[in-house]
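Trainee: Please find one structure pasted underneath; my questions will follow.
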Amino acid sequence: MTERLITNARLEATCFTPGQLIPQGINIPEIAVAGRSNVGKSSLINALLGAKLAKTGQTPGKTRSVNFYRAETPAGTFRLVDLPGYGYAKRSKDERNEWQRLVSAYMAGRESLRLVMHLVDFRHGLLKNDRELQEWIRAEGKNIFVVFTKADKIAKGKWRSTRDSYIRDGMYSHDVPIVTSAEKREGFDALAKFIVNFLNTPQIS
Ligand SMILES: Nc1nc2c(ncn2[C@@H]2O[C@H](COP(=O)(O)OP(=O)(O)OP(=O)(O)O)[C@@H](O)[C@H]2O)c(=O)[nH]1
Ligand SMILES: [Mg+2]
């Protein structure tokens with residue numbers, strides 16, 4: 001195991017309504033984690049931060065709030081933002097609107113939001129509602145980076161060809177997607193490196 005690049009992680013705020021969202025910090029870049037319900041957003045955050053801070057669960061719809069985690073890197077302080085899951089079929093239309101209202105309120109005018117990590121289940125690739133999510137994030141003017149989850153469900157010898165076939169199918173991603181498994185703790189050194197490099201790159205706007 002290489003030395004940890006992301007340290008001193010802590011939960012900063014849990015926000016259930018737009019009114020509870022905390023203001024952006026001066027010089028504190030934010031990276032949000034989005035994706036379908038149950039794809040493994042909270043598990044990935046715990047693995048990346050090296051601490052069990054986010055609640056995970058087997059039933060989709062575990063995270064209902066926008067959760068802000070603050071951590072240190074060699075590139076400075078940043079926030080990782082856990083978003084509620086998208087597209088949970090059993091949710092009512094009202095709840096879906098609620099998701100959109102909360103997440104829109106978070107993204108609107110959020111200049112410190114540098115990147116949305118879009119988590120995609122490695123077994124399925126981008127499904128219809130993943131593509132809708134990508135279009136929506138793009139319309140909000142945000143950068144997307146795809147990270148695959150639950151790779152332990154696919155034989156390791158097939159990781160590269162599987163990833164390449166998803167890339168060929170097309171997607172928005174700032175860079176070549178990283179393949180991870182929170183269960184087996186794989187891919188997180190690469191992901192932490194990506195984040196530090198990304199934070200070190202001056203923003204062009
Ligand atoms: N096999 C496997 N299971 C995983 C992995 N990551 C997460 N899971 C499981 O998937 C389920 C959902 O994980 P969460 O991290 O709560 O997912 P989430 O995207 O935060 O879900 P919501 O908050 O409901 O949107 C849990 O039962 C996890 O244990 C992984 O890498 N491999
Ligand atoms: Mg969650």
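Throughout, read-outs are computed from the coordinates displayed, never taken from laboratory work. Remember, predicted model here, so these are calculated numbers, not experimental data. Reconstructed Cβ throughout: ideal geometry from the backbone, glycine too, with neighbour counts over all protein chains shown.
Trainee: For segment 7-200, what is the percent of antiparallel DSSP beta bridges, rounded to the nearest 5?
Mentor: 40
Trainee: Checking the table LYS55/LYS128; LYS55/LYS93; LYS62/LYS93; LYS55/LYS184; LYS62/LYS150 against a 20 Å threshold on Cα-Cα, which pairs fail?
Mentor: In this structure, LYS55/LYS128; LYS55/LYS93 exceed 20 Å between Cα atoms.
Trainee: Starting from the Cα of LYS184, move 7 Å in the Cα-to-Cβ direction to define the label point; list residues of segment 133-164 whose amide nitrogen is under 17 Å from there.
Mentor: 148-164
Trainee: Taking the Cα centre of the chain as origin, work out the dipole magnitude from +1 charges on Lys and Arg Cβ and -1 charges on Asp and Glu Cβ, in debye rounded to 20.
Mentor: Dipole of the chain, to the nearest 20 debye: 560 debye.
Trainee: In segment 109-198, what % of DSSP beta bridges are antiparallel (nearest 5)?
Mentor: Antiparallel bridges make up about 10 percent of those DSSP assigns within segment 109-198.
Trainee: Oh, and also: Among MET117, MET107, which comes first, second and so on when ranked by fewest other beta-carbon atoms within 10 Å?
Mentor: Taking fewest neighbouring Cβ atoms as first place, the list is MET107, MET117.
Trainee: Using a 10 Å cut-off on Cβ atoms, rank the peptides 20-30, 129-139, 77-87 from the highest mean neighbour count down.
Mentor: Top to bottom by mean Cβ count within 10 Å: 77-87, 129-139, 20-30.
Trainee: Arranged from highest to lowest average of other beta-carbon atoms within 10 Å per residue, in what order do the peptides 179-190, 142-153 appear?
Mentor: Those peptides, ordered most packed to least, come out 142-153, 179-190.
Trainee: Please work out whether segment 134-205 counts as rounded, prolate or oblate from its C-alpha gyration tensor, where a ≥ b ≥ c are the square roots of the eigenvalues and a/c under 1.5 means rounded, while otherwise a/b larger than b/c means prolate and anything else oblate?
Mentor: Verdict is oblate for segment 134-205.
Trainee: Net charge within 13 Å of THR56 by Cβ-Cβ distance, Lys/Arg positive one each and Asp/Glu negative one each, not counting THR56 itself?
Mentor: That works out to +3.
Trainee: Counting Lys +1, Arg +1, Asp -1, Glu -1, what net charge surrounds ASP121 among other residues with beta carbon under 10 Å of its beta carbon?
Mentor: +3
Trainee: Can you list the residues, at least 5 places off or on another chain, whose amide H is less than 5 Å from the amide H of VAL39, using H built in the peptide plane?
Mentor: Those lying under 5 Å, H to H, from VAL39: there are none.
Trainee: Follow-up. For segment 7-200, I need the span (max minus min coordinate) of the C-alpha atoms along each principal axis, in Å, sorted largest to smallest.
Mentor: Here the Cα extents, ordered largest to smallest, are 46, 42, 30 Å.
Trainee: For a quick check: with amide H placed at 1.01 Å from N, whose amide H comes under 5 Å from VAL120's, ignoring anything fewer than 5 positions away on the same chain?
Mentor: Distant-sequence amide H within range of VAL120: VAL147, PHE148, THR149.
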